[in-house]
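The values are calculated or read from the model by the stated rules, or taken from the named source; none is laboratory data. If you're wondering where the values come from, they're calculated on a predicted model, not measured in any experiment. Counting neighbours? That spans all protein chains shown, and the Cβs are built from the backbone with ideal geometry, glycine included. When the accessible area is computed, the model is the full protein with side chains, heavy atoms only, and any ligands, DNA or RNA have been set aside. Shrake-Rupley method; radii C 1.70, N 1.55, O 1.52, S 1.80 Å.
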Amino acid sequence: MLFNSLEYLFLFLPVSVAVFLVLSRSSTTEKQIYWLVLASLFFYASWKPVYLLLIVASILVNFLLGRKLAREAPERIRGWLTVGICFNLGLLGYFKYTGFFLDGLNSLGIWLIPIPEITLPLAISFFTFQQIAYLVDVSRGDCREYQFHHYALFVLFFPQLIAGPIVHHKEMMPQFDRLRASNLLPTDFAVGTTFIAVGLFKKVVMADSLALIADPVFNVAADGGQLNSVDALLGTYAFSLQIYFDFSGYSDIAIGSARLFGIRLPENFRSPYKSRSIIEIWQRWHMTLSRFLRDYLYFPLGGNRQGSLKRYRNLMITMLLGGLWHGAAWTFVIWGGLHGLYLCVNHAWRNAIERTGLQRLFGHAAFQPGFIFLTFTAWSIALVVFRATDTPTAWSIIQAGFVEFSTTAPMMLGATFESAFIRQVLLTAGWNPSDYTEIYALMAAGLGICWLLPNVQELLIDYDPVAIADNAPITPPAIRWQPSLRFALLSAVLLSASVLSLTTVSRFIYFQF
């Protein structure tokens, strides 16, 4: 069941909230928690019921391991933690990397048995990281014992289950203890529906329209066709915008859905394309994954505590494994390696300008737009590798767009928006689009939203929109959201535009990672 489906928006979510409110008449919150667990199990089973056994078994084993770690003698904790990590990584490795590993052996002539087809269970990457973090914290004494149904809800809670944010037990468990369903404020519903409206608009109107630019370019490159440089550049930047609106839209809908139950999920995006460096963009993009990689991989490797060379080594290892986490393909490994290289260069640059005293010069406002565009471009080039089916496809697009500028190949995008929402908007406004007019209009709109407008967390800053753990405080914008008629109308317009655009339901990019 997808967030951008009519079943979710007009059946599953309203029924879940309605039953939750009815159960709130109880003197305790336990019934609401049990209901949310059942609703989440149904949500997960709506894709493939057989994988309910997998996620329930994973939850049960990790809960028991957590209890064992909490009660075990100090000298035996390390052994039990190793068992827990091996169990989780073993499950993830079998379902996600068996084919990748055997294909590598096959290419070397080592493995000649046919590779089995294994369907990747939904959310396995997300709930694996989530539970590993829990076990590590229990082993450190940073986590108390929880009741099983609370722990099950921590893992299963349907708004964050499929594609994050990757929640932390310290953010979620205390909220389960103090659910205030009987006293839910009208602003909780106003805030929740605003997040859902914005997130749905990002996905259905923006991301799905941008896919009409990116997909033809990548398809032509995958088929070995020659790309025009303009099309290659448009495809590169269009996919960069598409994945931003797709994934941040998912996170917004997740945050809004949870808020309808009075629960705050952590922030996952903070206007990342306003970043002036790769270091900064990783502090703003998929923030919960960055936090996990930092706290449970980069820091245990030594972080930056052992000199520059080991810092660069740790950055490369962290990003290579982060790339592999995204998918079992060499393109993801290369994507992670590119970001490891980016981060190493970025840190070396910072060290150089600090030693030479040039940080004040390059910190001048005149340089910032250039740094933002350079960061966006480097990020987008790496995303070409992320999106491409193989390395030749990725190189074909990068070469056409950034290495060998050419206008000789035929333009590939002429009929892109013949039946898309963006064309109808332009026609309604009295603008007869032709050739690339609507493409440029959509690209300009996407860049304008990313670079010029505040994000939804900033707009709703006065209403405690997200759970913020160790991130920097949100900067309030000049315009702030209020539970007023004008903002209600704005949400209604966004929802209407999104629902009218739901001619087909497309998967989120991170749907099956």
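Here are some notes:
- Restricting LEU453, LEU460 to those that are open to solvent by 80 Å² or more (accessible area, probe 1.4 Å) and either on the phi < 0 side of the Ramachandran plot or at pLDDT below 90 (or both) reduces the list to LEU453.
- For ALA18: the one exception among (1) surrounded by 15 or more Cβ atoms within 10 Å (Cβ to Cβ); (2) over 20 Å from TYR296 (Cα atoms): (1)
- GLY235 being of a type in the set (Gly, Ala, Ser), crowded, with 24+ Cβ neighbours inside 10 Å and either at pLDDT below 95 or farther than 21 Å from GLN175 by Cβ (or both): yes
- Some residue of segment 285-297 being open to solvent by 30 Å² or more (accessible area, probe 1.4 Å), closer than 24 Å to SER139 by Cβ and aromatic (Phe, Trp, Tyr): yes
- Any hit, segment 107-120, residues being touching an Asp or Glu at 6+ places or on another chain (Cβ under 8 Å), surrounded by fewer than 20 Cβ atoms within 10 Å (Cβ to Cβ), in contact (Cβ under 8 Å) with a residue 60 or more places away in the chain and hydrophobic (A, V, I, L, M, F, W, C): no
- Filter result for LEU200 (assigned to a helix (DSSP H, G or I), open to solvent by less than 10 Å² (accessible area, probe 1.4 Å) and touching a Ser or Thr at 6+ places or on another chain (Cβ under 7 Å)): yes
- Across segment 161-172, the qualifying residues are those that are over 25 Å from LEU53 (Cβ atoms) and not in a loop (DSSP other than H, G, I, E, B), and the one among them that is farthest from the chain's Cα centre (by Cα) is LYS170.
- Residue that is farthest from THR187 (Cα to Cα), among those in segment 260-275 that are part of a helix (DSSP H, G or I) and open to solvent by less than 10 Å² (accessible area, probe 1.4 Å): TYR273
- Only one of the listed residues (THR408, THR428) is more than 27 Å from PRO272 (Cα to Cα), at pLDDT 70 or above and open to solvent by 60 Å² or more (accessible area, probe 1.4 Å). That residue is THR428.
- Subset of segment 371-401 [under 17 Å from the mean Cα position of the chain (by Cα) and open to solvent by 50 Å² or more (accessible area, probe 1.4 Å)]: ARG387
- Number of positions in segment 58-82 that are surrounded by fewer than 18 Cβ atoms within 10 Å (Cβ to Cβ) and either under 24 Å from GLY322 (Cβ atoms) or among the small types (Gly, Ala, Ser) (or both): 4
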